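The values are calculated or read from the model by the stated rules, or taken from the named source; none is laboratory data. Keep in mind that this is a model prediction, so the values were computed, not measured. Every residue, glycine among them, receives a Cβ derived from its backbone with ideal geometry; neighbour counts consider all protein chains shown.
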Amino acid sequence: MSKLTQSKLNTATQTTMDTARQMWMAGLGAFVKTGQEGGRLFSSLVEEGEKFQDKVSTKTTNQVNDTVDSVMNRASGQWDKLEAILEDRVIKVLDKLGVPTKDDVAELIEKIDALQAAVDNSAKKPAVKTKKTDTETTA
C-alpha cells in the first residue's frame, strides 16, 4: 500500500474513532443529565402526556358522537321510508279486501247523523190529517 493511501486510511480511522468517542460521551452526558433532572423531567413528561390524552380523548369522543348521530339519522330516515312503504301496502291489501277506510266510516257516520236528524224532525211534527173524499167514504 502506498504511503498516501495508508495516510488517508489512518486519518479516516482516527476521524471515525473520534466521532464514536464523541457519541459515547454525548450518551453518557445525557444519562448523567437525566439522572440529575430525571424526576423533574419525568413529572413534566407525565403532565404533557395527560394533557395530550385529554385533548385526544375529547376529540375522539366528539368524533364518535358525531358519527353515531350521523348513522342514527340515516337509519331513522331509512326506517321512515320502510314504514311508508309498509303502510302503502297494507292500505292496498285492505282496499282489495273491501275493508272501509277511516274516511269511508266518517262519511257513513255523517249520513247516519243526517238521517237521524231527519227522523227526529219528522217525529216532532204532528201528523197531517187528510180529508176523505166522497169516493173514499162511499166505497
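How many residues are surrounded by 10 or more Cβ atoms within 10 Å (Cβ to Cβ) and modelled with pLDDT under 90 if we restrict to the stretch 105-131?
0
Can Thr61 be described as out of contact with any Cys (no Cβ under 9 Å at 6 or more places or on another chain), modelled with pLDDT of 80 or more and in a helix (DSSP H, G or I)?
Numbers: out of contact with any Cys (no Cβ under 9 Å at 6 or more places or on another chain): yes; modelled with pLDDT of 80 or more: yes; in a helix (DSSP H, G or I): yes.
Judged against the criteria, Thr61 is a match.
Going by the conditions given, is Arg21 at pLDDT 85 or above, part of a helix (DSSP H, G or I) and either surrounded by 10 or more Cβ atoms within 10 Å (Cβ to Cβ) or out of contact with any strand residue (DSSP E or B) (no Cβ under 7 Å at 6 or more places or on another chain) (or both)?
Details: at pLDDT 85 or above: yes; part of a helix (DSSP H, G or I): yes; either surrounded by 10 or more Cβ atoms within 10 Å (Cβ to Cβ) or out of contact with any strand residue (DSSP E or B) (no Cβ under 7 Å at 6 or more places or on another chain) (or both): yes.
Yes; evaluated as a whole, the condition is true for this residue.
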